[in-house]
Amino acid sequence: MLAERRLKASPTDGPQLAKALDAQTALLPYALGVFAVSLPLFVWVGSFATNRLWMSASFAIFAINWGAFYAVVNWLRDEASQELNRRARIQVLGGLMWAMSVVQISILAQGAGPARETLLMLATAGAVVCAFFAAPYLPALLTIAPLAAAGPVIAQFSHPQGRQAGVMTWGASALALTLGMILNRMFRRQHGLAVAHERLVEERLGVLEAAERTARSKSDIVATLSHEIRNGLTGVTHVLAAAAGRGGRAAPSREQLNAALDAAQDLMSVLNATLDSETAESGRLRVEARPFDSVRLVQDLVLLDKPHAGTKGLELAIHVDPLLRRRDKGATVADALRTRQIITNLLGNAIKYTVRGRVEVRLELRDDQVAIEVADTGPGLSAEEMEQAFEPFRRVERTGAGVNGAGLGLSLSRQLARLMGGALDARSAVGVGSCFTLSLPFDADAECDLTEELDNGTVDMSGAPRALRILIAEDDALNAAMLRAILEQLGHQVVHAQNGRRAADLAKIAEFDLLMLDHRMPVLDGPGATASLREAEGPNRAAPIVAIIDGDGEEASEFLSAGADIVLRKPVSVAAVARALADAAALDRGETKSEAA
């Protein structure tokens, strides 16, 4: 069936045309040999002709055709013959030369006297040979075979006593053309199968290469995570062991605690970057483009990084294009949180790798895009090193020695920029420094909400309730301790249940202002506990429920369908928990259920 479908395509289609021409090219050396063997026979028969001058001219034309055909065969072996349309024309012209030779032999036979019949038989044989060698390529067959056959057929019927011989010549030519058509159909069928097979092989090779890339990516992930996690957790473990008084160690100093906190934050950065990279690689990463003030965002990030730059003795400066600063309207249209992630990574890299000098951030308006440049006076990268820096899980050995990281920041940032309709470009010079440019769409008529706050680690407590009695259900002791610490830091009382069943039982006998339930728990999971609370009579049937999930959209839908009001995604932060509590305090049970950032 596949072959039949391929046969419906035009023979001039690229793959089919190439196969047809290749088949004909493979036959051309044999055609050259046939005509070379025919030349002595033609000379011997032609020697009996009465018209010596015409006979000599025919020999010369035959020899010239043979030489030209030999040149065509040699040309087809050259790389210049790979252009299919040109190659097809050359091969058809080569066949037409031999067809014209057959015609001129037929004309010579008319005045050859006793050699007439023999020369016309040779011409008929030449027409059959032309049809055979033109068979692989249909346009050549339909052009060359009729022209070659026309010479001996017309010559036979033009003679009063040549009617019977003419019928035989016509029959032989028609049979040769018919067999050529059958042979051409067989060639086309085989070519269709060959093309389909090659495409299937290419597809399989593509799948194999994708699988190999995935395997390498997974291997790189495992190697990177094992290295970074092992190093980070080793430091954290030593500090915690000292804090717990194990091994007779003294209590850790503030410097050691800060180092352990930095190591833990580095681990979180590595894990988040790895997960984002894998999500982007699989095409499941989504961005939400909305108007926002990129100038304000960059100014906030520079302000946050100034202390870090100051500890290294670096100058951190920002320059904003006056066209951006003085505008009453206009906003960058992209995902603000992902833009923050990109600029945070670029600023962090610039400060991390720059030993002395300065780091400068520039914002410029370029047509319908805003360009955010981060320039530094660091070690700089060569063209080859810059290309390597944008590859996932690759780090530049010359500059990356002794620096933590997974080697994902730049590759992930470029993916995020493209998802938002922008670009991330870079230029660098060894010993001079580097400049990374993030370009994002800019809408001159858009207006952004200047009161909207991005999560930069600060907490707005103005809308947060005070002294709530909160029930949390979490089976993981570390997550439960972290959530309890955040809630108590915000001034609330916490009751902890280790599974959903225990939480449902407690909610039936004690009154709580808010319930926070994890999704995956033993005995009874979060959605099950939520449904049980909503269905049962008790003091907490209408209490707000905050669902804590790992980030899967299906988990959020399952929780909301069971009766949860707000969704809080892990890893939780003080700011995210505070917003969730504020949303819960203002919640109207008739309102649409929502998700917390």
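The values are calculated or read from the model by the stated rules, or taken from the named source; none is laboratory data. Only a predicted model underlies this, so the values are computations on that prediction, with no experimental measurement involved. Neighbour counts run over all protein chains shown; Cβ positions are idealised from the backbone, glycine included. SASA here: full protein model, heavy atoms, side chains in, ligands and nucleic acids out. Shrake-Rupley method; radii C 1.70, N 1.55, O 1.52, S 1.80 Å.
Observations, loosely collected:
- Ellipsoid equivalent to segment 171-219 - semi-axes via the Cα gyration tensor, in Å: 47, 4, 4
- Cα-only Debye scattering, segment 58-176: base-10 log of I(q)/I(0) at q = 0.11 Å⁻¹: -0.38
- Under the simplified labelling scheme, the R326-R213 pair shows an inter-label distance of 4.8 nm, with each label point 7 Å from Cα along Cα→Cβ.
- Neighbour-limited loop hits for trypsin sites (Lys or Arg not before Pro), segment 65-126 (at most 16 other Cβ within 10 Å; DSSP other than H, G, I, E, B): R77
- When the surface is traced with a 1.4 Å probe over the full set of protein chains, Y30 keeps roughly 150 Å² accessible.
- Computed from the C-beta positions of A174 and A36, the FRET efficiency with R₀ = 30 Å rounds to 0.60.
- R204/D22 FRET efficiency (R0 25 Å; Cβ-Cβ; nearest 0.05): 0.65
- The Kirkwood hydrodynamic radius of segment 85-153, based on inverse pair distances between different Cα atoms, is 12.0 Å.
- Pairwise label distance in nanometres, E315 with W75, each label 7 Å out on the Cα-Cβ vector: 6.9 nm
- Placing R0 at 51 angstrom, the Cβ-Cβ distance between A194 and I61 gives a FRET efficiency of 0.85 after rounding to 0.05.
- Among the GluC sites (Glu not before Pro) found in segment 65-159, those both in a DSSP coil and sparsely packed, with 15 or fewer other Cβ atoms within 10 Å of their Cβ, are E83.
- Interchain or long-range residues, amide H under 5 Å from M521's placed H: G526
- Legend: residues H191, H159, H308, sorted from most to least accessible area (1.4 Å probe; ligands, DNA and RNA excluded), read H308, H159, H191.
- With 0.36 nm allotted per residue and the present C-alpha distance subtracted, the R185-M482 stretch has 99.4 nm of extension available.
- Compared with the alpha-carbon gap, the fully stretched path from A585 to A383 is longer by 67.2 nm at 0.36 nm per residue.
- Counting 0.36 nm for each residue step from D550 to R296 and taking away their Cα separation leaves a gain of 88.4 nm.
- Loop-resident trypsin sites (Lys or Arg not before Pro) (DSSP state other than H, G, I, E or B) in segment 465-516 with no more than 16 further Cβ atoms inside 10 Å of their Cβ: R466.
- Test item: Cα-centred dipole of segment 60-189, Lys/Arg +1 and Asp/Glu -1 on Cβ, debye: 300 debye
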